Each structure stands twice: as C-alpha cells, then as structure tokens.
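The values are calculated or read from the model by the stated rules, or taken from the named source; none is laboratory data. Model, not experiment: these values are computed from the prediction. As a convention, Cβ positions derive from the backbone with ideal geometry for all residues, glycine included, and neighbour counts pool all protein chains shown.
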Amino acid sequence: MQLKIEMAVYLLLVAVSTANALDYYRNKSLGRRLASIAKQDPNLIHVKSIAQSPGKRKVWLVEVGQGAEADRKTRPAMLLVAGIEGNDLIGSSVTVSWIEHLFDQYESDNASTKLLQTTTIYVIPRLNPDAAERFFAQPKFEMSLNSNPVDNDHDGLVDEDGPEDLNRDGLITWMRVEDREGDYILDPADDRLLVKADALKGEIGRWRYLTEGIDNDHDEQWNEDGPGGVNFNRNFPYNYEFFAPDAGLHQVSEAETRALAEFVIEHPNIGIVVTYGAADNLLKTPEAAPSAPAPSGDGRSRGRKPTPAIDQNDLPYYRVMGGKYREAMGLKKEMEGVSQPGTFSDWMYFHRGRLSLAACPWSPAIAVELSQASQTEEKSEEGDSSGGGKPEHSKNLSDKSKTDQEKHNEQQRKELKWFDEHAPEAFVRWQPIEHPDFPGQRVEVGWYRPFSHTNPPAAMVEDIAAKHVDFLTKVAQQLPRIGIRKVEAKHLGENVYEVKIQVENTGFLPTSLAQGQTTREVYPTRIVMELDNERFLSGSRIMNLPTIQGSCGMAEVRYVIYAPNRAGIHFKVVSMLAGQAEGTIELVKDTASREPK
Amino acid sequence: MNQQMGLKKFITLWFFLLVILPPARISLAQVGERKPKADDPAEHTFPALGASAEQKVPVAWNRYYDHAGLGAILARLNEAFPDLTKLYSIGKSSQGRDIWCLEVTARDVGDPNRKPAMYIDGNIHGDEIQAGEVVAYTGWYLCHQYGCLEKVTALLDDRVFYLVPTINPDGRDFWIHGGQFARSGLQPTDNDRDGLMDEDDCEDLNGDGFITMMRKKDPQGRFKLHPDYPKYLMVRAKPDEPGQYVLLGWEGIDNDGDGRINEDGPGGYDLNRNWAYDWQPNYIQYGAKDYPFSQPETRAVAEFVLAHPNIAASQSYHNSGGMILRSPGREGGPMTDQDENVLKTIAERGEKILPFYRSMITWKDLYTVWGGEDDWFYAGRGVLSFTNELWTPKNLYKTADRPSDENEAEFVQYVLLGDGAIAWQEYDHPTYGKIEIGGEKKQWGRIPPSFLLEEELHRNMAFALYHADMMPLLRISSIEVEKLADSLFKIWVAVENQRLIPTRTAQDVAHHISPPDVVSIMGDEFEVLSAGRVIDRFFKKVQAVKRRPHRVELDTIAGMSAAHVQLVVKGKGGFTVTVDSAKGGVLTKNATLP
C-alpha cells in the first residue's frame, strides 16, 4: 500500500513536470510565438528564417528596430544567440522573454523607445532546432548535436549505435553495471551517486557507468554513435579541433552554422554578441593574453600567430560585463568559467574582433551557488556568527588539499541535495533491469532526467528569465555610439578656411576593441566630406579616425580647404560599430564657431 | 670531209632547236605555276615520340585557352572517347561559371567508382593559367594513348582520374580577357576598408589591350634606362648618380578619389588560403576570407573530394618557380616520417622528369601557408598531395642558374624577335601629368612561350602519372589452406600491395579518416571460428580479432608489402575472399576447401 502511494505520487510528479515542459517551446510553437509578437508591430519586429536543419526545421532570426532595413543596418547592433547546443531550451525562452520585454517597454518607457530607434537588436532564439526537439521526443533524449548523420566513432558505419530506453520510462538516462571492469564505486555519502574509484585510497572499482542502451555494433562501446550530428558550438574556426567526434568534418560545415556565419558577415554593425550555451566567460573574468612577443626576425613567416587569450586592452570591458552579469544573477562571487574549442563566441571575438559574451543560462552549479549565497545571507541576518564562522574556515583550509576529483564529488553531492530540495522528480531512482549485454549481472537504470542539468525546473523559468532580461537590456546600452560634438570653420582669407570637426563616442564601448584592430575586421571610422579632393589644401575628402574611447572619448580632424562659392559643406561620419552621424560645416566669412545642429 | 662536218653541225643544231628545246621550254614555263595539293597536313603525318600517332581530337598545345576553350577541349574528348570519359560540373564559381571535371578511366574494366583515384586540378590562382592546359593535356594524352601504350592502358584499366583543369574560371577569364591582377576569385571584396567593393581597379588607359606600367621622366627619379637594352629594361641609378624616371606602378587612375590608385580591384582574397586544415583568419594569413570553404570554388572541390573516398592521390598546378611542393604549409604542421618518405621518393623522381624543378617543403623552403589545399588533402583527408609551381626561367637557356635580366632581354630580342615587349608610349595622366605607359606583355614571365609550353605540359603530366602509378595496387596473391582436422581448416590469405603508396597513410590511420581495409570471407557451408591479423608470418604470431571473425580489419596495407590474415573455419565447400579497401579498391578470389 505504502509502495503504491509512493508510486502514485511519483507518477503524478512526473506527469506534472512533463506538463510543465510546455513552458519550453517546441520548434513549431516557437515559430508561431515569434510570428505573433511580430504581428503586433511589424515596423518594429521582423522575423525570418535563415536556415533549415537536416531535420527540416527552421532557424528563426528576429530583428528588433525601427525604420527601414537599410537604416537598421547602419545602427550599432547587438546579437543574441541561444540554443546553440540545442539542449538548453531555457536560452530560447529567455530570448523570447527579452523580445517581449523590449516590445512592451518600447511604447511605455522613454529610454527603451530611444534605444530601439538608435539600436538594432538581432536575436536567434534557437540555432539547433533538431537537438531541442528531442526534449519533446519519445523517448526524451538529451544531446547537443543536429540531425546530420555523422560517423562519430570513425568505424565506417554511421549512426549505428544509439541509445535505447531499456526501462521504458520514456527517458534516456544512464545505467550502472556491477562489473569488476568498472571504474566507479557507489558514493559512500549517497548511494544514488557514483564516484570514480581512487586507487590511492584503496578503493576498488565495482561499477561501470554508461548511457542507457545496448552495444548495437558490438564494439564494446555503448551508444557512441547515435543519431546525428554536429555540435554547433564546436564548429567555428577559432581553436577548432579537427577530428573531434562532434565538431563536424570541418569548420562551419552545417547549414545552420553557415547561415549564422554569413549573417554575421553581412551585418558588420554587430558590436556585441551574447551567446547562451555551455561556454561561459561571464561567471569569471577570463585571463588576458601575455604581452605579445616581438615579431620574429624571419620575414617569410611574418611572425603572426593566433591570439591565445583576450587582449589586455579589451579585458576591462569583459570585467565590467562580468560584474554586471553576476550582479543581475545575484551571484556574490566569481565561479568557474567554461571554454570549449571551436565555439561561436570565441570566433566572434578572436577572429572578428567583437565584444563576445558567453553565458550558461542556468546550471545546477549556479543554483547551488545562489542558494548557498542566500543561506549565508540568512545566517548573517540571524546573527549566528559562531555557527557560520568555523565551518567556513575549516572548509577553506581543506579546499586547498582537495583533489579535483574530490571537489567534483562534493559538488555532485551538493547538487543532488539541491535537487532533492527543489525538484526531487529530476532524479530517476535506480531500477534494476535485465540487460542483454550483461547476462547474469546486476544492471540498474536511473540518474538525472535528460535536460535537467541544462534547464531549470519549470517553476523557476520565469524568475531566471527576468534576471537575464535585466542583464541583456543593460548590455544593449553599452554599445558604442558616435556623435558630432563640435564643428568649427575659421575663414583665413580669400575663401580659404580652416575646418575642425570633433567626433565623440557617447556609448560605453570604444569604436573598436583592440582585437578589432588586430584582426582588421573593424574598419576605421571615417569622415567623408562633400567637397572635391582638389579643394583640400591640407587633409583629404575621406579621412580615417583613430579609435574613439567610450564615455565621451573624442577624436578631432582638421582641414584647410579652399571653397569659393560655398556656403556650407555637408559631411558624414561612418563607423562600423558605432553608427553614423551627419553634419554641415557652415562657411561664414567672419570667424565664429558653430555648435552642431 | 669539211662538208660532212658542217652537215652534222647543221642537223645537230636543228635537232636541238626542233626536238630538245621546245619540250624543255614548255617545262620551264610550267615550273612557276606548280603548287602542292592543299590537303589537310594532318593526313600526312609521321608521329614524333610523345603525342599519340592518331589524334582524334586535334588540339594546338602551343597556346592558351580561356574557360570556354578548355571546356570545348573536354567536351570534344568526351564525345570522341565515350568509353573512357565522363564529363560533369562539380559546382559553380562566384560568377556562375561551371567547374568542369573530366573523369578518365576504362569504364568497362572494373568498377569506375571503386578504383584508386587521382584528383588533379589547376589554376586556383586566376593568373596561373598554364595549369589549365597541363590538366587538359593529361586528359587528351590518356585518352589518345589508351590501347597504344601499355603503361597508359594499365593506368586507365586500374585507376580513375578526376581532371579539373581550372578551379578558378572567373579569375582565369578575367586575366585572359584583359585584367591584370587575377590571383583572387572574383567575389567583390572591400580590400581598402572604405566601405566600397572593387571600386578602384587598373585601367587600360592607352587602349593597347594590355595593363602595363606607368613611368614619368623625373630628374629626381632613381631609375634609368638600361644602357644596352633601353627598349626592354630599366635599372636603378647608382646611389651617387642622377636617374631619369620615377616608377608609378600599374596602369590606372584613382577611381574613388581616395588618393590611391588601383588599391581595390576585383576580388581581393586567395582561394588557396581558404581550405579547412590549419586555417587562420585574414590578419594572420592574407586572403583566407572569413571561414574555410566560404567560397563556392573551394567548397565545390571539398564536397567532390568528400564524396569520392577512393581518391588516393592529389596534384595541383600553380605558377611559377619550378617547384614540387609538399606539406606542411606551416612549421609544426602534421607530417609523419612514413608518409614523408613516400612523398620524397615520388618528388625525387619528379626532379628527374622535370629538369630545374626542386622538391621542397612549403613552410621551410618557400613560405608559410595557412589553410592551403595540400594541407587539407594530406592532414585533413590523409591523401598524399603535391603542388607544382610550373615554369622556371632556367628553361630559357637550360641553365642551372637563373638568367639575368640582361639574358632575358636578349631572349626577347633574339629568340622572340621582340614579342613580349610593349614600347613605351606617352600619355597624359589626370594625376601624374605627362607620363609613359609600356613594359611587358603579361605573357612574359610566368607562363612559357609557345614553343616551350608543350614540353612543360608533357613533363608535368608525366610526373603526375608516375604518382598515379604509385597508388596502391592490390592483389590477393595467395590463399593457403591447411587442414587441421576433419572439417577444421586454417586459411591464410595474403594481400599484396604492389605499389609504393599504402592503402591508408599514417595520417589517415592516426585519425581514422577513412574506414579500415577489410578482408572478409564467405562460404555457403562454413562458419568462421576465429580470425586474426598475422603479425609475423615466419613465427606465426597472430593477433586475433575480438568480434565478427568473418571480417578482419586492417589499419593499412603498406607499400611494396603484403598483409596476411588468418582464418580458422569449420565446414566444407567453396568460399570467396573479398578485400574491400576505400583507396585500394575491391577484389575477390574464390577457392575451395579440400
């Protein structure tokens, strides 16, 4: 009887959580949702498909900004990409929330209205619809690959060994096999968990730990070549790992990644990129590159090498953004960042010179950190100094002597504890099964539900989305922005004038990062005058400006021109990332400076 | 007596006048009007060694062809040799020109899709045009000599050639039809970062059909006419000597008013830096574009190569310099000793076939290349690959040393009778004022003159054919059966590779690029109990396979060696042994259990 009630409660919870999975968008629902938002103001929100996946699903692009496309393309812009691995549906939900927030605020809030008149926002809510759709599949199966058939294990067969739902619970989880060949033991602290046996402690491995399924191709590896595919966040050229099983046959090999690459190339006004995925450079400020070595004497090889880390001059901006991010999330301290070879975010910085932020939208580690932070807050509020002091202190001491493995084991326990408290249904209890590959051996299926480590419990989505929306709006306000501070024309005599133009950057970021200069991908800001070259006694019709720092940094250009029969000269300032500005030089024979119109 | 003598003389004279002279006079009259018949000379030929005796598709190999011309040659070959050729497009260039591929093999011998294949292309840099002719000549030669020369017949029976004369047809046509800088593909690119694309190209200001150089008489100039070759050469004035001219660069004007001339012509990238292995962006490697295979031309070739896993050898043609280049393109790039030994052996043969050509490692002996075609073929696909830089001026005088500028001027004057030089003409330039325009025809320097072109084509082809000949050639050389007991047998299969190149290179094996070679056995009335690779055939050491004993996987069958496989079977009757190698082909052999 007891067991039956337990089972009933368990099934109810499963049903509830499955029902709440509707808070995450299926691809078709996502499309419809975006279309319905766009319909509310087609002048402001534009939706189109930029690619089709191998599974024949569309990749949507949303453009938010007022006015004609030609104008939007000249404004400073921010790009937000989510669902790049595809298994983080929370990312897509956050993007939709943000688009809705921008739209809501557009009419009501002056600052937001101005933002969307002078900035363009590009959003790709989900780059990998094939992977995301597996959240809704039967059985539910988490992976970060698209549906392109790939020979992941290089054995000449394609997609021949995928997972199977052996316990028929509609989920692909993990299995543990009692086997002397195994490397794992049950965690003495909690036998739901497995930890690697530490030979130095005399621990003897007794369990194998594999994904749920059978060895279809009899190569003694389980489920190593399932359906699909390529992980888009390994498919970009910076630090690309050739021959990695999920990186594709070569860089930018997939229709989806190619569409994103071409989009970015055709929209050079993008100055900031935010990518939601597994990589993260906001939880912790990344390391700077050591100062560049002097170029080698061998002229032939040119001495240029790939940049190993963020340029020192760009690092302060990453630090500031990281601080804003942690503040928005409620994190009191830095955590570990995550980097992978071949990510989209790295390509955007290291090869294209844009400020490129990467965030993992949610993880159990973040959840644990936030709840620990709130606990210490509560404790200090309660004034319990003796209780709160010592354990922290002793913990810090022993932290230094712990190995990486021990830290990992501890983190695993903390996370399980968090799930027990906040989302107990996330852990599937271990169930014994008969396994054809291990006759006569004890085999159990269980572990966390798929997607439970990359997506928060449904009840928390709204709150988490709100925090990200807050951060994203702040990010959009950091773009560089040029304006004309002063225009002066002094008549020197006989229609010869000395002209001075001051251009300022009222945004936060500079008109180009150092990496933008190094890569030469961010073109210099230029002033173009509507006056023939012959009329310039000093200076020329097109002049390039140096990089202009943000927060009202300024650059000045001077000319000496000969301009008979001209009352005014029109000019334009064009910046790749900081927008455009126009002005007119009034030529008056008495010397007086003019403020810009 | 005197009367008789007089009569004789009289008769002789009249005999001469009446009988001998008239016919002679008639023949003398006809000599001026006789001519030979104006037949087609091709019908009265005696073959020289080299080209085939019969030429079903006559092609003049002492001139160059544009994209349509090369296409026409391939089309005629395809029409004339339907049993040896297939012709198709592997994709289109930026401007929509087809990239043609002529597939050459004996279509009725073996399976054309499974024979070891050699991929040959040329002209990735648009101005390196003779590469196109080398590849077309290869197709022409192979088709015509099949059935005439034993070696060619064997090559086409056992191998397949994928011949792609030009993989940059846009650049080729642009250069041939008047352009000057055509190394790049022709997708519009903003070279000078001013927001405009391709806005300032060279111009043929004086309308002579060539883009040449501009110079201006200037006492402060540091150049002067060569005292011995004033028509052809300029030299630097000595440091303490006044000069005569300042050099102004290539013919053109400042189209976009930015103070620079010809700084942003069509294109502006390098297709041979757009390949995926060891690719680096523009600021590290000029011309790489935004990501590998971003360009339709390189992507078309990559897709073709990925779809043809039987490709076991690759050759590209460029100009110039007289080089046989191999990977790696950058210091520290992938290359194993085993693979390099094979490449060196083939390249050394090449140095003998191609006088004055040198076998070189790209990064070490030439310069660093990130994202080049050779590296993708070798490091990315495990295929041994060469790039030849065609033509060296050492060919002008057949000397081991490069001819001097004066030697070259002499060549132009005395061997070419001035063809190649363009006399300097006056011109009134909007920026520079009174200048002179002239210099060399663009056919001078990197492409051979007509009478040296065919030699270049044939010798380079011969090198590629040698490389092709070295591709794996597998034979099931023996099947030995030993009876262990009633219905229990031990079978040893020997598979030999009669050529130098292994079925899978070391790079291929290390990264599992192509599937392993499989030796399998099938019989109606038997069962394989165990199977293994023979590690030592004298001491009979066998490494058993763990699963699926009816098929034994081999990492590779090395060049000039044999692999042995042991199968222990129970049963009776006949059986078939099959060897399936991606680059070695498929072979079967039948045998019977005793």
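Sub-6 Å Cβ pairs linking a first residue in segment A:64-87 that is part of a helix (DSSP H, G or I) to a second residue that is at pLDDT below 95, at least 6 apart or interchain, are A:ARG72/A:GLY65, ordered by first then second residue. Looking across segment B:180-197, the residues that are charged (D, E, K, R) and within 11 Å of another protein chain (Cβ to nearest Cβ) come down to B:ASP190, B:ASP192, B:ARG193, B:ASP194. Here B:PRO448 clears all of (1) surrounded by 15 or more Cβ atoms within 10 Å (Cβ to Cβ); (2) at pLDDT below 95 except the condition numbered (2). Which of the following residues is in contact (Cβ under 8 Å) with a residue 12 or more places away in the chain, over 30 Å from B:SER294 (Cβ atoms) and touching a Pro at 6+ places or on another chain (Cβ under 9 Å): A:PRO227, A:PRO139, A:PRO149, A:PRO237? Testing whether each residue is in contact (Cβ under 8 Å) with a residue 12 or more places away in the chain, over 30 Å from B:SER294 (Cβ atoms) and touching a Pro at 6+ places or on another chain (Cβ under 9 Å) leaves just A:PRO139. A:THR506 fulfils the conditions (1) within 12 Å of another protein chain (Cβ to nearest Cβ); (2) without any contact (Cβ under 8 Å) to a residue 60 or more places away in the chain except for a single criterion, (1).
Filtering segment B:408-451 to residues that are of a type in the set (Phe, Trp, Tyr), in a strand (DSSP E or B) and under 21 Å from B:VAL235 (Cα atoms) leaves only B:TRP424.
Anything in segment A:530-568 that is hydroxyl-bearing (Ser, Thr, Tyr) and in contact with a Gly (Cβ under 7 Å, 6 or more places away or on another chain)? List them, or say none. A:SER540, A:TYR559, listed by residue number.
Results for (1) more than 29 Å from A:GLY322 (Cβ to Cβ); (2) more than 10 Å from chain B (Cβ to nearest Cβ); (3) modelled with pLDDT under 95; (4) in a loop (DSSP other than H, G, I, E, B), shown as yes or no for each residue.
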{"site": "A:GLU241", "(1), (2), (3), (4)": "no, yes, no, yes"}
{"site": "A:ASP246", "(1), (2), (3), (4)": "no, yes, yes, yes"}
{"site": "A:ARG258", "(1), (2), (3), (4)": "yes, no, no, no"}
{"site": "A:ILE272", "(1), (2), (3), (4)": "no, yes, no, no"}
{"site": "A:GLY297", "(1), (2), (3), (4)": "yes, yes, yes, yes"}
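Counting residues in segment B:56-65 that are in contact (Cβ under 8 Å) with a residue 40 or more places away in the chain, closer than 30 Å to B:PHE181 by Cβ, in contact with a Leu (Cβ under 9 Å, 6 or more places away or on another chain) and in a helix (DSSP H, G or I) gives zero.
Scanning segment A:548-558 turns up no residue that is surrounded by 19 or more Cβ atoms within 10 Å (Cβ to Cβ), touching a residue at least 24 places away in the same chain (Cβ under 8 Å), among the aliphatic types (A, V, I, L, M) and within 11 Å of another protein chain (Cβ to nearest Cβ). Pairing residues of segment B:513-527 that are free of Cβ contacts under 8 Å to residues at least 12 places away in the same chain and surrounded by 20 or more Cβ atoms within 10 Å (Cβ to Cβ) with residues that are part of a loop (DSSP other than H, G, I, E, B) and of a type outside the set (S, T, N, Q), at Cβ distances under 6 Å and at least 6 apart in sequence or on separate chains, gives no pairs at all. Taken together, the criteria place B:LEU247 among residues that are more than 14 Å from chain A (Cβ to nearest Cβ) and either farther than 20 Å from B:ASP198 by Cα or among the β-branched types (Val, Ile, Thr) (or both).
Within segment B:342-363, is even one residue at pLDDT 95 or above and within 12 Å of another protein chain (Cβ to nearest Cβ)? Yes, the conditions are met somewhere in segment B:342-363. Determine whether B:ASP290 is under 30 Å from A:THR307 (Cβ atoms), within 36 Å of the chain's Cα centre (by Cα), within 8 Å of chain A (Cβ to nearest Cβ) and part of a loop (DSSP other than H, G, I, E, B). Considered against the rule, which asks whether it is under 30 Å from A:THR307 (Cβ atoms), within 36 Å of the chain's Cα centre (by Cα), within 8 Å of chain A (Cβ to nearest Cβ) and part of a loop (DSSP other than H, G, I, E, B), B:ASP290 comes out as yes. Against the test of being away from chain A (no Cβ under 14 Å) and part of a loop (DSSP other than H, G, I, E, B), the options B:ARG504, B:ARG533, B:ARG499, B:ARG547 yield a single qualifying residue, B:ARG499. Scanning segment B:329-353 for residues that are touching a Phe, Trp or Tyr at 6+ places or on another chain (Cβ under 6 Å), assigned to a loop (DSSP other than H, G, I, E, B) and of a type outside the set (Gly, Ala, Ser) gives B:ARG330, B:GLU331.
Conditions (1) part of a loop (DSSP other than H, G, I, E, B); (2) among the basic types (Lys, Arg), marked per residue:
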residue	(1), (2)
B:ASP204	yes, no
B:LYS216	no, yes
B:GLN220	yes, no
B:TYR229	yes, no
B:VAL235	no, no
B:ASP240	yes, no
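So, B:THR362, is that one within 13 Å of B:ALA379 (Cβ to Cβ), crowded, with 21+ Cβ neighbours inside 10 Å and of a type in the set (Val, Ile, Thr) or not? Taking the combined requirement at face value, the residue satisfies it.
Please tell me if A:GLU521 is free of Cβ contacts under 8 Å to residues at least 12 places away in the same chain, out of contact with any strand residue (DSSP E or B) (no Cβ under 6 Å at 6 or more places or on another chain) and either among the polar types (S, T, N, Q) or not in a strand (DSSP E or B) (or both).
Taking the combined requirement at face value, the residue does not satisfy it.
All conditions but one from (1) buried (at least 18 other Cβ atoms within 10 Å of the Cβ); (2) in contact with a His (Cβ under 9 Å, 6 or more places away or on another chain); (3) away from chain B (no Cβ under 14 Å) apply to A:GLU498; the one that does not is (1). Annotation: B:ASN262 fulfils all but one of (1) without any contact (Cβ under 8 Å) to a residue 40 or more places away in the chain; (2) more than 14 Å from chain A (Cβ to nearest Cβ); the unmet one is (1).
So which residues in segment B:367-419 are of a type in the set (Phe, Trp, Tyr), away from every other protein chain (no Cβ under 14 Å) and in contact (Cβ under 8 Å) with a residue 60 or more places away in the chain? Matches in segment B:367-419: B:PHE386, B:TRP391.
Residue-by-condition table, conditions (1) closer than 24 Å to A:PHE243 by Cα; (2) modelled with pLDDT of 90 or more; (3) surrounded by fewer than 17 Cβ atoms within 10 Å (Cβ to Cβ):
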| site | (1), (2), (3) |
| --- | --- |
| A:LEU127 | yes, yes, no |
| A:ASP130 | yes, yes, no |
| A:GLN138 | no, no, yes |
| A:SER147 | yes, no, no |
| A:ASN152 | yes, no, no |
| A:ASP155 | yes, no, no |
| A:ARG176 | no, yes, no |
| A:TRP222 | yes, no, no |
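Restricting A:ARG535, A:ARG526, A:ARG566, A:ARG541 to residues that are within 14 Å of chain B (Cβ to nearest Cβ) and either more than 30 Å from B:TYR286 (Cα to Cα) or aromatic (Phe, Trp, Tyr) (or both) narrows the list to A:ARG535. For B:GLY268, indicate whether it is among the small types (Gly, Ala, Ser), within 14 Å of another protein chain (Cβ to nearest Cβ), surrounded by fewer than 20 Cβ atoms within 10 Å (Cβ to Cβ) and part of a loop (DSSP other than H, G, I, E, B). Spelling it out, it is not the case that B:GLY268 is among the small types (Gly, Ala, Ser), within 14 Å of another protein chain (Cβ to nearest Cβ), surrounded by fewer than 20 Cβ atoms within 10 Å (Cβ to Cβ) and part of a loop (DSSP other than H, G, I, E, B). Do we have any residue at all in segment B:21-28 that's surrounded by 10 or more Cβ atoms within 10 Å (Cβ to Cβ), at pLDDT 90 or above and either over 30 Å from B:PRO165 (Cα atoms) or not acidic (Asp, Glu) (or both)? The answer is no, given that none of the residues of segment B:21-28 is surrounded by 10 or more Cβ atoms within 10 Å (Cβ to Cβ), at pLDDT 90 or above and either over 30 Å from B:PRO165 (Cα atoms) or not acidic (Asp, Glu) (or both).
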